[in-house]
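One structure is given here, and the rest of the page talks about it.
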Amino acid sequence: GAIFLGAPLPLLPAQILWINLVTDSLPDIALAFEPAEAKVLTETSAKNSQILNFDLKFLVLTIAVVSGLATLFLFVATFSLTSNLEYARTLTFATLGANTLVYVFSVRSLRQNLWKTNFFANKLLLFSVLAGFVILISGIYFRPLASLFETIFLKPADWLIVAGTCLFVVFIVEVTKSFFILKQKDD
C-alpha cells in the first residue's frame, strides 16, 4: 500500500521478521491450550467438516484488511506530519506488534464476544502476551536491538496512539463477530 501511495516502506524486513517470529509465535502456541467451548461437542461433524468456513474466512480477511489499513494510515499520517521516517517506522512497528498481541483475546472465541469470555481461562495465553510485549518493547528500548531494527524511543503519548489503534481493530473484530454470533443463534 505504501508503494502505491508513493511513501517509503513502513517497516524494514528485520522488523517484519521480529513481529512474525517473536510476538506472533508465543500467543499462537498458547491458543492451542485454550479450553474447549461447551457448544463445540454438540455440533454435528458435517457442519464442522471445513476448517475454514465462510465466517472464519471473512473474519480473517476483516482482521487483515482493518489491521493493514489502520497501520498504513498511521504510518502515512505520522510520516506526513513529522517527516521523521525512523519515528513513523517505530510507531508502525509498535502498532503492528501490539495489535497482534491485543486482538488475540478477541479471536480466541468465535462464539462469544470478548467481554463474555473468561479472560483468565488460559493463563499460558496471558503469559505469552506479556512475554510478547516484553520482546516487542525490547526491540524499541534495548539499545542493541533498537540499533538493529532502526527504531527510536517512543514517548508515553505514542503508546496511547498504539493502544487506540489496537482498540479500534478489536472493536471492528467484535462487531464482525457479533454478526456471526447472531447468525448462529438463528440457525
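Just so it is clear, none of the values below were taken in a lab; they were calculated from the coordinates. Quick caveat, the model's predicted, so the values are computed rather than measured. Positions of Cβ are generated from backbone atoms using ideal geometry, with glycine treated the same way; all protein chains shown enter the neighbour counts.
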Full-stretch length increase - Leu167, Asn118 - with 0.36 nm per residue and alpha-carbon distance subtracted: 15.8 nm
MRE, 222 nm, helices only [DSSP H, n ≥ 4, -39500 (n - 2.57), over the chain, to nearest 500]: -22000 deg cm²/dmol
The stretch 15-29 - phi-based ³J(HN,Hα) in whole Hz, Karplus 6.51/-1.76/1.60, Gly and Pro as x: 5, 4, 4, 4, 5, 5, 7, 9, 6, 7, 4, 4, x, 4, 5
Degrees between helix 156-186 axis and first principal axis of the chain (Cα, 0 to 90, nearest 10): 20 degrees
Solution diffusion estimate, µm²/s, Stokes-Einstein, the chain, Kirkwood Rh from C-alpha pairs, 4 °C, viscosity 1.567 mPa s: 73 µm²/s
For the stretch 103-187, diffusion coefficient by Stokes-Einstein and Kirkwood Rh (Cα), 25 °C, 0.890 mPa s, µm²/s: 162 µm²/s
Descending principal axes extents, the stretch 55-109, alpha-carbon based, whole Å: 40, 18, 10
Protection proxy ranking, peptides 131-139, 152-160, 59-67, average beta carbon neighbours within 10 Å, highest first: 131-139, 59-67, 152-160
Long-range lysine pairs (8 or more apart or interchain), the chain, Cα under 19 Å: 15
Ala2/Val65 FRET efficiency (R0 22 Å; Cβ-Cβ; nearest 0.05): 0.90
